[in-house]
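The structure appears below as structure tokens.
The values are calculated or read from the model by the stated rules, or taken from the named source; none is laboratory data. Treat the numbers as computed from the prediction; the structure is a model and nothing was measured. Heads up, the Cβs are rebuilt from the backbone with ideal geometry, glycines too, and the neighbour counts pull from every protein chain shown. Protein only, heavy atoms only, side chains kept; ligands, DNA and RNA dropped before computing areas. Shrake-Rupley method; radii C 1.70, N 1.55, O 1.52, S 1.80 Å.
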Amino acid sequence: SSKMDSISKPTFDPKEHQHLRYNPLRDSWVLVSAHRMKRPWKGQVEKPPEDNTPRHDPNNPLCPGSVRAHGEVNPEYDSTFMFDNDFPALQPDAPDPGSDHHPLFQSKAARGVCKVMCFHPWSDITLPLMQPAEIRKVIDKWAEVIVELGAEYTWVQIFENKGAMMGCSNPHPHCQVWASNFLPNEAALAERCQRDFLQKHGEPLLVQYARMEAQAQERVVVENEHWLVVVPYWATWPFQTLLLPRRHVPRLPDLTAQERDSLASIMKRLLAKNDNLFEDSFPYSMGWHGAPTGSHLQEDMSHWQLHAHYYPPLLRSATIRKFMVGYEMLANEQRDLTPEQVLEQMRIINETHLNQMT
């Protein structure tokens, strides 16, 4: 029967056989079904985005000199520009719903501020096409706003939605900053998981992870002296990436001048590679996660490691997206391509942006 066993039980191959992978940052599992990439695609094909954005449009509320929704006039800014969102999801002075609630009908106070930050005065440019010194100004502004809003608020979420596929209606290069008096769900998960990991293993989760990925070189997309970008072992979205410092850094403002320059460089390389992958401006939602702020500034937060998530919706071309529906909404996140197979595709992609090749 031992001969029969060796015939009937093939050796596990992650590129061929389905398996589950654990995400230690979210305490959840992802189903990897590598064998499914062979199936034909008959699903929805998105329209490629129109590529005729004017450099300056007086009707675009994000442009220098434009009039915004409530009549404010933007300054003639020449690098970054930050302003309060004209339609905020969070406001600083909402009344408190009180604490006397039934366990099935709980609510609590939500207070905060929402800001919009333009990266550059031109509408027809994106981060990978900006100069490193211009990206550095964006990073400095990010650090500044975390210090400013973090003095009062528990969590400051910097995020960028890029591209119509991610619901971004305005092509002007910008991100948003939402600060809140509560720890949002994803932040609370990352807080708990990193705290537990340090207690159990004596080293911050993402410090250990970055070191092991740097050694293994199986999922590293780009790297430099201070930073590492990987397709995480537990990635859900096909081309998802995780940006990590090599040094233990709890929050963005803690980065040195050298690390900030180095970050500008690695962001430019990563995002150029992404655009070149499908020869198109690559859509994504990205955001920074760092140690909670506000009252937590006085606490020991050494279990935290700063990191940025990039979540692109694309599946196998610029016009075919992955939908998180059905089994994924009701049961378990699932992917077809393994992260290692994605890395093989990304590794060979040029880091000089197509639009900047002479």
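Tell me the carbon and sulfur percent of the accessible area for the chain, rounded to whole percent, probe radius 1.4 Å.
That fraction is 53 percent.
State to the nearest 20 debye the size of the charge dipole of region 184-356 about its Cα centre, where the only charges are +1 on K and R beta carbons and -1 on D and E beta carbons.
With only Lys, Arg, Asp and Glu charged at Cβ, the dipole is about 60 debye.
How would you classify region 244-349 from its alpha-carbon gyration tensor, with a ≥ b ≥ c the square roots of the eigenvalues: rounded for a/c under 1.5, else prolate if a/b is greater than b/c, otherwise oblate?
It comes out oblate by the Cα gyration axes.
Step through the residues of region 68-81 one at a time and calculate ³J(HN,Hα) from phi using the Karplus curve (6.51 cos²θ - 1.76 cosθ + 1.60, θ = phi - 60°), rounding each to whole Hz and writing x for Gly and Pro.
These are the phi-based 3J(HN,Hα) values: 8, 3, 9, x, 5, 10, 5, x, 7, 5, 10, 9, 9, 8 Hz.
Below 8 Å between Cα atoms, with a sequence gap of 6+, how large is the relative contact order for region 184-356 in percent?
Value for region 184-356: 29 percent.
What residues have an amide H closer than 5 Å to that of T293, excluding those fewer than 5 places away on the same chain, when H is modeled at 1.01 Å from N in the peptide plane?
Here W155, V156 satisfy the definition.
Out of F105, H309, H289, whose Cα points farthest toward the positive end of the dipole of the chain (charges: +1 Lys, Arg; -1 Asp, Glu; placed on Cβ)?
Of the candidates, H309 comes out farthest on the positive side.
Which one of I158, Q258, V230 has its Cα pushed farthest toward the positive end of the charge dipole of the chain, where Lys and Arg give +1 and Asp and Glu give -1 at the Cβ?
Farthest towards the positive pole: V230.
Size of the dipole of the chain about the Cα centre, Lys and Arg at +1 and Asp and Glu at -1 on the beta carbon, nothing else charged, in debye to 20?
Here the size comes out at about 1280 debye.
Short version: ³J(HN,Hα) in whole Hz for each residue of region 13-22, in order, from phi by Karplus 6.51 cos²θ - 1.76 cosθ + 1.60 (θ = phi - 60°), x for Gly and Pro, what are they?
10, x, 7, 10, 10, 5, 6, 9, 10, 8
In whole Å, what are the Cα extents of region 153-206 along the three principal axes, biggest one first?
Sorted largest first, the three principal extents are 45, 23, 15 Å.
Treating each Cα of region 32-165 as an identical point scatterer and ignoring solvent, apply the Debye formula and state log10 I(q)/I(0) at q = 0.12, 0.13, 0.15, 0.20 Å⁻¹.
The calculated log intensity ratios at q = 0.12, 0.13, 0.15, 0.20 Å⁻¹ are -0.73, -0.81, -0.93, -1.25.
Can you grab the distance from the C-alpha centre of region 234-299 to the C-alpha centre of region 170-206, Å, no decimals?
12 Å
Just to be sure I understand: with springs between alpha-carbon atoms less than 10 Å apart, which residue in I135, I125, I266 has the highest mean-square fluctuation in the Gaussian network model of the chain?
Evaluated over the chain, the most mobile residue of the options is I125.
Per residue, what volume in Å³ does the Cα convex hull of region 314-358 take up?
91 Å³
Going by Cα centres, region 118-159 and region 67-87 are how many Å apart?
Here the answer is 15 Å between Cα centres.
Tell me, what is the percent relative contact order of the chain, built from C-alpha pairs under 8 Å that lie six or more residues apart?
21 percent
From the square roots a ≥ b ≥ c of the eigenvalues of the alpha-carbon gyration tensor of region 102-203, which class results: rounded (a/c under 1.5), prolate (a/b over b/c), or oblate?
Here region 102-203 falls in the prolate category.
Each residue of region 157-164 in order: what ³J(HN,Hα) in whole Hz does its phi give by Karplus 6.51 cos²θ - 1.76 cosθ + 1.60, θ = phi - 60°, with x for Gly and Pro?
For region 157-164, the Karplus curve yields 9, 8, 8, 10, 9, 10, x, 4 Hz.
Beyond 35 Å, how much of the Cα-Cα pair distribution for the chain remains, as a whole percent?
Here the tail beyond 35 Å accounts for 28 percent of pairs.
Please report, for the Cα atoms of region 51-109, the Rg to one decimal and the Dmax as a whole number; what are they, in angstrom?
Just the Cα atoms of region 51-109 yield Rg and Dmax of 19.2, 55 Å.
Name the long-range amide H neighbours of Y77: under 5 Å, sequence gap of 5 or more, or other chain; modelled H, no Pro or chain starts.
Under 5 Å from the amide H of Y77 lie the amide H atoms of G65, each far enough along the sequence or on another chain.
Taking 8 Å as the Cα distance limit and 6 or more residues as the minimum spacing, I'd like the relative contact order of region 277-358 as a percentage.
28 percent
On each of the three principal axes of the Cα atoms of region 150-281, give max minus min coordinate, whole Å, ordered largest first.
Cα extents, longest axis first: 44, 39, 33 Å.
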